[in-house]
Amino acid sequence: MNTIERFLNLRIKQFFRSVQEIGIPLFIILMIVTTGLTFKVLVFLSEVQGVEMAFFSFFLIASIHFTRKDSHFLKSLDVSRPLLFLAEYSLFLLPVSMLLLFLGKMVPAIYWQLGMLPILIFPAGKLKINKIAPFINLDGIPSKYFEIKLGFRRIFFAIVLLYFIALGYSFFIGTLILFGIFLLLVLPTFFENFEPKEMIVLEYGKGNFVRRKVINHLLVFQIALMPHYLMFLFYHKEMWYLGLACFVGLCLGIIFNIVYKYASYRPNVPKMFSNSFQAVFLATLLIPGFVIVSIGLIIYFWRKATNNLAYYYA
Amino acid sequence: MLEIKNLAVSYGTNEVLKDVHLIFEPGMVHGVLGINGAGKSTLFNTIYGFKKPNAGSAQFQNRTVQNGDIGFMETSCYFYPLMTGMEYLKLLGIQNKDFDIKKWNELFELPLNEYVENYSTGMKKKLAFIGVMAMNRPILILDEPFNGVDIESNEKLLQLLIRLKSTNKIIIIASHIIESLTRICDRINLLENGVIKTTFEKTEFPVLEKELKDSIKLKIDDVLEGLV
């Protein structure tokens, strides 16, 4: 077995191990949900020309390639990195190509598979955003909201820029929904790091730790988003239920990220290890009719978070 | 021989390494000593090719040094999630058919069939070290190899490094623990504010230790006076 084969073998093993970690019952739910989503996307994509598939593939792989954390490790392997990336990304894209071929879409499948090729000439893991963020003074944010401080440090410009653009374009009916989806996507960035145990001990003694954390963060996030809801109602009063759906969706997103964080919490571990459930949660939240699954996930992880923290600190 | 010629590296306007010139000979352990921020890791990252220098170069056997020449153990190594220690070593040691993972692991007794994420900091360090050995490269760069490692393993590491000299490898180590460096190194380069202030030969190590202790004492005496 050469290095590339061994590397791919390891990646496939990782996939099956993560399935094992999730557990078969939840994996079946995930499969049902994502299969539905994938087919929905494919039905939509079957109407577009093949060349668009190349763009989708390009942007998807770019988002992975430029944020890779293993670029230093890969450099230590005695192997051509472009070849290794080609093999890995081809494997990653293969399931969708197979589905496209199954639907008789040969040309889009080829474009999908080849669209990522230009990425291979760029070095991996080079994207460094917000270099200036550490210079922004966020000392005014109380330490109990350290997650907000952390998230802002990472994506300050993106979030502030989009906040005001979304506010300015609130006359367009889809703006709030798109901005809400963006926030749902970036929320894990705020909550992926664990605080030192001393910080938890301090707050845990006051009781109802998870509930207080959830309420505090819901208040901060939703107060900050209030201008968006008001503008939406101003321009689209008749569609108030869409604004309400965004409000509820974001509330669920915030709650999920907090309970999932503390369900995965371990003292002395700096960062959340797996984020596979965040993808499941997001998929179930966005697919009509599946919101019940996301609520179920919140209940499940809320209990797990409470028990997990009680194990360490009760 | 690895020769660093007039190396200059900066991050933006911050000049981290200034005109560094060093020679690392095979069969010797070379220490790089310096306080936090002195430029040790930047020096290693540049030699390895992670960081592009503004000027200068690193030459190995009269050509530019390549990745394949160096086994680099970073201060904090990357490990894939859901990967066992054994898989990690097999991946790194794929080119080295003679590498006996089980035999090497007798040294540190790591649970190689467990996921690396369940390892302690010290265990990860030991695994990374075996990984570097598995690569079997002529140059070894070890950035803080003793951090987080228990006393027993620390001693094993030191004895192993002393033995490795006979393999004619170029071994370069950065550490904050001066006692570890003075014990195994044949030469120590003192890096200060991005320049090599002095290079000490083995016979001069007592001078180095005294100089360092005196300079630190001088720096903190006034502060300590007001504190304790």
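The values are calculated or read from the model by the stated rules, or taken from the named source; none is laboratory data. No experiment lies behind these values; they were computed from the predicted model shown. As a convention, Cβ positions derive from the backbone with ideal geometry for all residues, glycine included, and neighbour counts pool all protein chains shown. These accessible areas exclude ligands, DNA and RNA; they are computed on the full protein's heavy atoms, side chains included. Shrake-Rupley method; radii C 1.70, N 1.55, O 1.52, S 1.80 Å.
Take every pair of alpha-carbon atoms less than 8 Å apart whose residues are at least six positions apart; their mean separation over the length of chain B yields a relative contact order of 28 percent. Counting only protein chain heavy atoms and rolling a 1.4 Å probe, the accessible areas of A:Glu147, A:Glu52 rank, largest first, as A:Glu52, A:Glu147. When a 1.4 Å probe is rolled over the protein heavy atoms, the share of accessible surface on the range A:137-202 that falls to carbon and sulfur comes to 74 percent.
Modelled spin labels at B:Ile162 and A:Ile299, positioned 7 Å past Cα toward Cβ, are 6.5 nm from each other.
Taking a quarter of the surface of the Cα convex hull of chain A gives a mean projected area of 19.0 nm². For the range B:53-152, applying the loop criterion from DSSP together with a ceiling of 12 other beta carbons within 10 Å to the chymotrypsin sites (Phe, Trp or Tyr not before Pro) yields no site. Accessible surface buried by the A/B pair amounts to about 2300 Å², both sides summed, 1.4 Å probe. Annotation: amide H-H contacts under 5 Å for B:Arg137 (H modelled 1.01 Å from N, sequence separation of 5 or more, or interchain): B:Gly71. Excluding same-chain neighbours fewer than eight residues apart, the lysines reachable from B:Lys5 by a Cα-Cα span under 26 Å are A:Lys75, B:Lys18, B:Lys40, B:Lys51, B:Lys52, B:Lys165, B:Lys169, B:Lys197, B:Lys202.
On a per residue basis, the range A:70-205 carries 55 Å² of accessible surface, using protein heavy atoms and a 1.4 Å probe. Counting Cβ atoms of other protein chains within 10 Å of each residue's Cβ and taking the mean over peptide B:89-100 gives 3. A 1.4 Å probe run over the range B:121-172, with the rest of the protein chains in place, finds 36 Å² accessible per residue.
Among the GluC sites (Glu not before Pro) in the range B:66-149, those placed in a DSSP loop whose Cβ has at most 12 other Cβ atoms within 10 Å are B:Glu109. Backbone phi angles across the range A:157-164, fed through the Karplus curve with coefficients 6.51, -1.76 and 1.60 (θ = phi - 60°), yield HN-Hα couplings of 5, 4, 6, 5, 4, 5, 4, 6 Hz in residue order; Gly and Pro are listed as x. Phi angles across the range B:151-159 convert, under the Karplus curve 6.51 cos²θ - 1.76 cosθ + 1.60 with θ = phi - 60°, into 3J(HN,Hα) values of 4, 5, 5, 4, 5, 4, 4, 4, 5 Hz, Gly and Pro given as x. For chain A, the 222 nm mean residue ellipticity estimated from helices alone, with every DSSP H stretch of n ≥ 4 adding -39500 (n - 2.57) and the total spread over all residues, rounds to -24500 deg cm²/dmol. Amide hydrogen proximity for B:Ile196: with H placed 1.01 Å from N in the peptide plane, the residues at 5 or more positions away or on another chain lying under 5 Å are B:His21. Peptide A:76-82 has a mean shielding of 5, counted as Cβ atoms of other protein chains within 10 Å of each residue's Cβ.
Between A:Val248 and B:Glu3, the C-beta separation translates, for a Förster distance of 45 Å, into a calculated FRET efficiency of about 0.10.
The modelled label-to-label distance for the pair A:Phe234/A:Phe59, using points 7 Å beyond Cα in the direction of Cβ, is 2.9 nm. Annotation: amide H of A:Thr67 within the under-5 Å range of A:Gly125, sequence separation 5 or more or interchain, hydrogens built in the peptide plane. The length gained by stretching the chain between A:Val201 and A:Ile24 to full extension, at 0.36 nm per residue less their Cα-Cα distance, is 60.3 nm.
Rounded to the nearest whole Hz, the Karplus-based 3J(HN,Hα) values (6.51 cos²θ - 1.76 cosθ + 1.60, θ = phi - 60°) of the range A:144-152 follow the sequence 5, 9, 4, 4, 5, 4, 4, x, 4, with x at glycine and proline. Panel note: contact residues of the range B:11-49 (accessible area lowered by at least 10 Å² against the chain on its own; 1.4 Å probe) correspond to B:Tyr48, B:Gly49.
Other protein chain C-beta atoms within 10 Å of residue C-beta, averaged over B:75-85: 4. From the alpha carbon centroid of the range B:29-65 to that of the range B:162-177 is 16 Å. With every protein chain in place and a 1.4 angstrom probe, the accessible-area ranking of B:Thr182, B:Thr13, B:Thr203, A:Thr306, largest first, reads B:Thr13, B:Thr203, A:Thr306, B:Thr182.
When only Cα pairs below 8 angstrom with a gap of at least 6 residues are kept, chain A shows a relative contact order of 16 percent.
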